[in-house]
Each structure stands twice: as C-alpha cells, then as structure tokens.
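S.K.: Sharing a structure with you now.
The values are calculated or read from the model by the stated rules, or taken from the named source; none is laboratory data. Not measured: the values here are computed from a predicted model. Neighbour counts run over all protein chains shown; Cβ positions are idealised from the backbone, glycine included.
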Amino acid sequence: MLNDTIVAISSPIGTGAIGVVRISGNHVKNIIDQALKRKKYTPKKMYYGWLYNKEGEKVDEITWVYHSQPHSYTGEDMLEIFCHGGKLITYAVFNTIIKYGARQALPGEFTKRAVLNGKMDLIKAEAVNNVITSETEISLKASFNQLKNALSEKINNIKNSLLNISAQIEVEMDYPDDIEFEDHNLKNKLVHIVNSMDQLLKEADNGIIAVEGVRTVIVGKPNSGKSTLLNAFLRKDRAIVTDIPGTTRDTIEENLNINGIYLKLIDTAGIRYTEDTLERVGIERTINSIKNSHLILFVLDGTTPFTQEDEIIYTKLNELGDKIVIIVLNKSDSPNFKESNYLSLKQKNQNDFVIISAKNGEIKTLEDKIYEKFFEKVNIEEPTLTNQRQKMTLESSKESVLNAINSLEKGFSNDVIMYDIRKALEKIYELSGENYTEQLLDKIFSTFCVGK
Ligand code: GDP
C-alpha cells in the first residue's frame, strides 16, 4: 500500500554526531502529535524537543523538521528526526516510531514513492542512487550530470517530439480531407529524433563504464601470476578461496579505484578456485566472462618463453575484436625473467604491453596504462545514459522510430506508422518511469540503500 507510513534510519549505522531517522506517509502528523507532543508547527522549520515513547517516557533529545505533502522528497507528509548519532540511540528512535504504527522502509522506498508521486523521473532516481554509491570522481560526475536533470531534459525533448508527431498524425487521421499531409516534413522530424537518440546511445557505453566500472577479466595460463596480480590490485594478501567451484558462488567481483577509474574485476572466482582456469573450469567460461568485459588483462610469465598455451589464448583474444586487451608481462623481479622472449609480441602490441612484478606489487605501469586507455572514454562532459536498462530501452524506442520511417517510405497507412510511434513512446515512458511495472521498480530500487 502506497500511503502506509514508512520509517528508516537514513544515516550510516555507527557512532556519529547525529543520526537521521526519516518517516514518510499518512501518519506523520499523528506521530508529531503523539511522539513529539507538538500541536503547532510549520513545514520546513527546524524544531527542538524530545521524542517520547508510547508510555510517555523520553527517548532522546532531538531536532526535527516536518515537510508537508506534496512539497517533500517523497511527495507525502514527511518527518526528519535528527537524534544523537550512536547506534543504540538511533535504533531506539527508529523503534519508537515503529511502535507508533510506521513500518520499516524497504531499500529505496522513499525514492520509489518520489517517482510514483511524480516528484522525479526514474532516470533521476537512478542518479540519486549513483551519486550515493559513486566511489570515483568520474562516476560521481556522470551521475551528478544525471541528477541535475540534464539527461531527463534530453529524454523529455525526444518524448515531446514524438508526441507532436503523434498529434500531427492523429489530426490527419481524424480529418483526412481537410489537411494536406506533409510526408517529407514528417520523415525529417523522425530522422531528427533518431539522430538525438543516436547521440545519446553513442556515449552510452562510456557512461555505463564511468558509473558501473570497467568490467575487467584477468586471463593467462596457469602459474602466470593471475592470483598474485589480483592480490596486488587489492593490496591485501587475501587467502585464496578454496570453495569448490560451481557449488558455491560462481563469480566473484572485486571493485577497484585505479587513479580515479572504477575497475570491476569480474569472474575472479575462476582465478582463485583453480590453478588452471582454462582447463578445469573450461575455456568456455573464460570466453563468456571475456565477452561481457570491456578490458582484458592477458598475463604472461616472463620467466618462461611464450608457450602454445599462451598462443591459444592470444589467438582467441585477437578474434574478439572490439575489446581492449593489455598484455601484462609478469615476474620482472625474477632472475629468470627474459623480456627478449617476448620481443616480437611487444613489437606487435607496442601500445598495449606492460611489464610488472605482481609479486612485489610493482604494477604501476599497468595501472597507468589502464588510466591512459580509459580516462578519455569515461571523462564525459555531456549527460549520458549510465546503465544497461536505459541503453536497452532507448535502443528499443529507436527501433520503433526506424520502423515508422520505414513504413512512411513504403507509403503504408497512418495506422501502421502510428503503431510504431506509440511503441516508441511507450519505451520512452518506460525510460522515464511514467510507464512502469512493479517488477521493474522492484528491480531498480532493490539496489538502493534503506533510508533513501
Ligand atoms: P595463477 O595460476 O596465474 O593464478 O598464478 P599465481 O598467482 O598462483 O602464481 C604462480 C606462481 O608464480 C606463484 O608461485 C607465485 O608466487 C609466482 N609469481 C606470481 N607473480 C610473480 C612475480 O611477479 N614474480 C615472481 N618472481 N613470481 C611470481
């Protein structure tokens, strides 16, 4: 039920100066009346007082602010309580509000209500989450651009253009004799829409990389030093997980911040579980994780010559085409290290070749190379799409506009063209959240933190 009253601790749990407890819904005024014992108050003003439990005992000395609907974050009546910041006292405040009939908010439920009440679109809601979870400046910049409504504006423009066109066609359908239909003009307008969509889609992958991270896999033959490199990245000597592969977690992801580039190491499970990833887990699995990645680190053992196994991996990687591959010659610290074994490989891949010692943590050459390869890509000034959902929905909308252009060129009836325009619009509504399914919202908001 939408308007039941929800409560959450919105500040991080721990010891701090101030704890924040947020409440939203129909019962807020009752709670102020009973728990804060205040009859007269104005919205958006801060008050000082005590929070009382149902037995009339003081729970904490607090300040609080009331926001009246619809002028609040959620669009409902809201109360924000600023209590003492200790873990126990914050929970005591929270539990007191539960006793007054509120229920614990689900992850992202405040923001979900904001979307459902028309306070923000889904794109901005996603930006809110991204801003909170951003761990690099670049990710924050891309998310913040979205938060400032810059992306929503672009999507809105596309929506309005589609609405205008659909109105134009409807008039033509209603009054076929009175209005001269300008096919040419209509086609231009549709092409213009496709161009705007293409502009956004062109930068989408970079936007996604900026916010979600460069999906990276480490590959290489057994003993080349993949786990050691992983540990060097993590700068911690983590024990290698010995769970049996496939029976527990199939993939483990590690997130890193490399000079401000957000790196998501995927399928590190494979690296840890087994000495010979390629043989035991099977090359297919490795290839699969490679397919889903943006960056591949191909680790070679500099103390041995380039082997047939290396060759097999190298050939596979070359077949992949569009991925960025960095060749990482490892073990430079060893007396047996021979760069000369790899000279021809180095010559062929001048720009994508680095030498490291994973064991000694000497991986700066690699980190710098990653920065060099991705900084330009992800340091985006213009607002962009920042997740797969947005990209796929816009792509699907574009598909329908292209179908409409096609129908127009073939001289099909207005009904047929209108069908595609409506489909294109539906997808835009889905993108902005004006058209949603509970499933979609649940999926999006489940990644939020409680209290946001
Ligand atoms: P993986 O099978 O590719 O994950 O390889 P490991 O990380 O388990 O390393 C295999 C062996 O190579 C281990 O004995 C490591 O200590 C050693 N090794 C890894 N990196 C280096 C390095 O930079 N220098 C030296 N000398 N040995 C390394």
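S.K.: How many residues does the stretch 91-106 hold that are within 19 Å of residue 446 (Cα to Cα) and either in the same structural domain as residue 149 (by the TED database) or crowded, with 18+ Cβ neighbours inside 10 Å (or both)?
M.R.: Let us first name the residues in the stretch 91-106 that are within 19 Å of residue 446 (Cα to Cα), namely 103-106.
Adding the requirement that they be either in the same structural domain as residue 149 (by the TED database) or crowded, with 18+ Cβ neighbours inside 10 Å (or both) leaves 105.
Of the residues in that region, 1 qualify.
S.K.: Can you find a residue that is crowded, with 21+ Cβ neighbours inside 10 Å and modelled with pLDDT of 85 or more anywhere in the stretch 166-174? Before the answer, list the steps.
M.R.: Quick first cut of the stretch 166-174, residues crowded, with 21+ Cβ neighbours inside 10 Å only: none.
No: the stretch 166-174 contains no residue that is crowded, with 21+ Cβ neighbours inside 10 Å and modelled with pLDDT of 85 or more.
S.K.: Could you list, in sequence order, all residues of the stretch 31-45 that are closer than 19 Å to residue 7 by Cα and out of contact with any Phe, Trp or Tyr (no Cβ under 7 Å at 6 or more places or on another chain)?
M.R.: 33, 44 - these are the residues of the stretch 31-45 that are closer than 19 Å to residue 7 by Cα and out of contact with any Phe, Trp or Tyr (no Cβ under 7 Å at 6 or more places or on another chain).
S.K.: Can you tell me which condition residue 398 does not meet? The list is (1) buried (at least 18 other Cβ atoms within 10 Å of the Cβ); (2) not assigned by the TED database to the domain that holds residue 419, and all the others hold.
M.R.: If we test residue 398 against (1) buried (at least 18 other Cβ atoms within 10 Å of the Cβ); (2) not assigned by the TED database to the domain that holds residue 419, just (2) comes out false.
S.K.: For residue 301, state whether it is within 16 Å of residue 359 (Cβ to Cβ) and at pLDDT below 80.
M.R.: On the way: within 16 Å of residue 359 (Cβ to Cβ): yes; at pLDDT below 80: no.
No; evaluated as a whole, the condition is false for this residue.
S.K.: Out of all the residues in the stretch 380-411, which are closer than 14 Å to residue 427 by Cβ, of a type in the set (Ser, Thr, Tyr) and touching an Asp or Glu at 6+ places or on another chain (Cβ under 7 Å)? Steps first, please.
M.R.: Residues of the stretch 380-411 that are closer than 14 Å to residue 427 by Cβ, as a first pass: 385, 389-404.
When the remaining residues are screened for being of a type in the set (Ser, Thr, Tyr), the result is 393, 396-397, 400.
Result: 393, 400.
S.K.: Before we move on, is residue 45 more than 30 Å from residue 152 (Cβ to Cβ) and in contact with a helix residue (DSSP H, G or I) (Cβ under 6 Å, 6 or more places away or on another chain)? It would help to see each step written out before you state the result.
M.R.: Details: more than 30 Å from residue 152 (Cβ to Cβ): yes; in contact with a helix residue (DSSP H, G or I) (Cβ under 6 Å, 6 or more places away or on another chain): no.
Against the criterion (more than 30 Å from residue 152 (Cβ to Cβ) and in contact with a helix residue (DSSP H, G or I) (Cβ under 6 Å, 6 or more places away or on another chain)), residue 45 does not qualify.
S.K.: Might you check whether a residue that is modelled with pLDDT under 90, within 15 Å of the ligand (Cβ to nearest atom), of a type outside the set (D, E, K, R) and closer than 19 Å to residue 219 by Cβ occurs anywhere in the stretch 313-320?
M.R.: yes
S.K.: Failed condition for residue 423, given (1) buried (at least 16 other Cβ atoms within 10 Å of the Cβ); (2) in contact (Cβ under 8 Å) with a residue 40 or more places away in the chain; (3) more than 16 Å from the ligand (Cβ to nearest atom), with all others met?
M.R.: Single failed check for residue 423: (2).
S.K.: Check every one of the helices (runs of 4 or more DSSP H) wholly within the stretch 38-143 and list those with 2 or more residues that are aromatic (Phe, Trp, Tyr). Step through it out loud before you land on a result.
M.R.: Working: elements: 87-99, 109-116, 122-133.
Output list reads 87-99.
S.K.: Identify the single condition in (1) over 29 Å from the mean Cα position of the chain (by Cα); (2) crowded, with 19+ Cβ neighbours inside 10 Å; (3) touching a residue at least 60 places away in the same chain (Cβ under 8 Å) that residue 51 does not satisfy, given that it satisfies every other one.
M.R.: For residue 51, the exception is condition (3).
S.K.: Let me ask another. As an exercise: evaluate residue 345 against (1) modelled with pLDDT of 95 or more; (2) away from the ligand (no atom under 14 Å from the Cβ) and give the number of the one condition it does not meet.
M.R.: Result: residue 345 fails condition (1) only.
S.K.: Let me ask you something else. Quick check on my filter: what residues within the stretch 307-332 are within 24 Å of residue 231 (Cα to Cα), over 31 Å from the mean Cα position of the chain (by Cα) and without any contact (Cβ under 8 Å) to a residue 40 or more places away in the chain?
M.R.: 314, 329, 332
S.K.: Quick check on the stretch 383-397. Is at least one of its residues within 16 Å of the ligand (Cβ to nearest atom) and among the charged types (D, E, K, R)?
M.R.: Taking the stretch 383-397 first, the residues within 16 Å of the ligand (Cβ to nearest atom) are none.
No, the stretch 383-397 contains no residue that is within 16 Å of the ligand (Cβ to nearest atom) and among the charged types (D, E, K, R).
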